[in-house]
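Trainee: Attaching a single structure in structure tokens format; questions to follow.
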Amino acid sequence: MHDDADIGATALHLTVRVDARRVEPEVWHAVIRSGDETDPGARVLTAATLHRVHYADPSWAEQLREAVPDLSSIGSAFADRELISMIDESSLFTDSLCVISSVDVDDAAVGSLVSHALVRGVARVFDGDTIAILLAGAFPPSAGGPVVDPADLAARRAHWASIGFVDIPGTAAMLLPVGSRP
């Protein structure tokens, strides 16, 4: 398990890779450490990768498809405005889509719900965006091998549903409705 003292003071750190040509999505990295980043004993408790596209760019769905193959179905789902309106009509009125494509939690922080703190922080920073999360393990690993056990996938869905995420039909992703934000 974890030691709450290790997780006590957390801060969300964001970095972005900027592509001046804007032919790719913005790729953000979000991290929560056990202490200040200048502390040599601080360790990363949880980290996430985010892919952000702007709906004003007519190639946003293509950008997602080309960035990470697993994001293809998310791009298709968000291009279907009727589908998204059935899940969360407010998500139709945002300027950008921010997809959390991976979340990793340090073994020592498992059970601390630090992943929830990270995603809540991301939702606050990207308040004007639609927020979606890709369920890790829903796709075969690039090196081959099986998809994560269905029971494990159900547990991941329940983990994210507990903070307000809802399933996006036809995808291995979930949407955080605007009304469920922190």
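Trainee: In the range 153-182, what residues are within 23 Å of residue 80 (Cβ to Cβ), modelled with pLDDT under 90 and assigned to a loop (DSSP other than H, G, I, E, B)?
Mentor: Selection gives 170, 171, 172, 181.
Trainee: Here's a follow-up. I want to confirm something. Restricting to the range 97-112 and keeping residues that are of a type in the set (Gly, Ala, Ser) and assigned to a helix (DSSP H, G or I), which single residue is nearest to residue 78 (Cα to Cα)?
Mentor: It comes out as 109.
Trainee: Condition check: modelled with pLDDT of 90 or more, of a type in the set (Phe, Trp, Tyr) and open to solvent by 50 Å² or more (accessible area, probe 1.4 Å). Does residue 126 satisfy that?
Mentor: No; evaluated as a whole, the condition is false for this residue.
Trainee: Can you tell me which residue within the range 140-152, out of those that are open to solvent by 60 Å² or more (accessible area, probe 1.4 Å) and either touching a Pro at 6+ places or on another chain (Cβ under 8 Å) or outside any helix (DSSP H, G or I) (or both), is modelled with the lowest pLDDT?
Mentor: The residue in question is 140.
The values are calculated or read from the model by the stated rules, or taken from the named source; none is laboratory data. Note that the coordinates shown come from a computational prediction; the quantities given were computed from them, not determined experimentally. Reconstructed Cβ throughout: ideal geometry from the backbone, glycine too, with neighbour counts over all protein chains shown. For accessibility, only protein heavy atoms count, side chains too; no ligands or nucleic acids. Shrake-Rupley method; radii C 1.70, N 1.55, O 1.52, S 1.80 Å.
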